[in-house]
Amino acid sequence: MSENVELVNKAFRVILLAIDDVVGPHGTAAILRQAGLAQYIDHYPPSDSAYGGHQLRYMSQINRALFDIYGRRGARAILQREGRGRARNGIEENGRVASATKLAAKLLPRRTKVKLTLDTAAREYSEQLGTHVSIAEEGDVFFWQDPQCGNCIDWQSEQPVCFTTVGFIHGLVAWILEDEDFKVEEVACRAAGAAVCRYRVVLG
Ligand SMILES: [Zn+2]
């Protein structure tokens, strides 16, 4: 089922722009070619909410191309930066929701700020990327749980591979808290046999 889920235009656009920010347009072109997605070179989708045939698994194809070209360590660094860029672009492209969230969070305690942001982002993310992210809490720890993660579709690995989402969640939490006093880590990954990709957010 997950193989046929599509991303809306602006969601896939944000991903390509975020990769551009890290490796430049030529780098992105090489990655797209390696990923079997050369049709997107110089043809990024428009910034709207229509469906343009961008499959969820394209995210995983792009990530794997990055592992192929840069190795695991290189890919990890690039993907985390890409994820932070994606959070930044996502905040800009969803400006109305983002300003409302920031305003609502203004006087809230740190923990509640993060909860509000993760809940809102999970809703928008799920809608735009065709998945169903849930947020769980245990004390001061939050979990972002994605049962249809697009980063690792059809991928098998002993270790977690979804570094983009680690960077994405990091970018969101840093944006709302305006500091870096927290940690984000992928603690379970579908590529490594888990039922959901699960990311832990620990506040400092
Ligand atoms: Zn994943």
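Just so it is clear, none of the values below were taken in a lab; they were calculated from the coordinates. Nothing here was measured: the structure is a model prediction, and the numbers come from that model. In this analysis, Cβ positions are derived from the backbone assuming ideal geometry, glycine residues included, and neighbour counts consider all displayed protein chains.
Taking the Cβ of Asp42 as the center, what net charge do the other residues with Cβ under 14 Å away carry, scoring Lys and Arg +1 and Asp and Glu -1?
+1
Proximity of backbone amide H atoms, modeled 1.01 Å from N, is registered between Ala194 and Cys189 at under 5 Å, excluding neighbours fewer than 5 places apart on the same chain. Converting phi to 3J(HN,Hα) with the Karplus coefficients 6.51, -1.76 and 1.60 and the offset θ = phi - 60°, the range 93-109 yields 6, 10, x, 5, 4, 5, 5, 4, 5, 4, 5, 5, 7, 2, 9, 7, x Hz in sequence order, with x at every glycine or proline.
Give me the percent relative contact order of the chain, please, defined on Cα pairs under 8 angstrom at least 6 residues apart.
Numbers: 341 pairs, mean separation 45.1, N = 204.
After rounding, I find 22 percent.
In this simple spin-label model, placing a label point 7 Å from the Cα along the Cα-to-Cβ direction at both Asp181 and Leu103 gives a separation of 2.8 nm. Computed about its Cα centre, the charge dipole of the range 86-159 is approximately 600 debye, with only Lys, Arg, Asp and Glu carrying charge at their Cβ. Taken over the Cα atoms of the range 1-83, the convex hull encloses 87 Å³ per residue.
Restricting the range 99-203 to GluC sites (Glu not before Pro) that sit in a DSSP loop and have at most 14 other Cβ atoms within 10 Å of their own Cβ leaves Glu158, Glu178, Glu180. Taking Cβ atoms as reference points and 10 Å as the exclusive limit, the residues near Asp21 contribute a net charge of +2, counting Lys and Arg as +1 and Asp and Glu as -1.
Label sites at Glu137 and Val5, each approximated as a point 7 angstrom past Cα along Cα to Cβ, lie 2.5 nm apart. Phi angles across the range 50-60 convert, under the Karplus curve 6.51 cos²θ - 1.76 cosθ + 1.60 with θ = phi - 60°, into 3J(HN,Hα) values of 7, 9, x, x, 8, 6, 4, 5, 4, 4, 5 Hz, Gly and Pro given as x.
Would you kindly calculate the mean projected area, averaged across all directions, of the convex hull enclosing the Cα atoms of the range 1-44, in square nanometres?
Taking a quarter of the hull surface, the average projection is 3.3 nm².
Computed extension gain for Asp154 through Ser49, at 0.36 nm per residue and net of the alpha carbon distance, reaches 35.2 nm. Relative to its Kirkwood radius, the Cα radius of gyration of the range 2-139 gives an Rg/Rh of 1.00. Each 5 Å bin from 0 upward holds the following percent of the Cα-Cα pairs of the range 48-125: 3, 12, 16, 19, 17, 13, 12, 6, 1, 0. Charged side chains reduced to their Cβ positions (Lys and Arg at +1, Asp and Glu at -1) give the chain a dipole of some 220 debye around its Cα centre.
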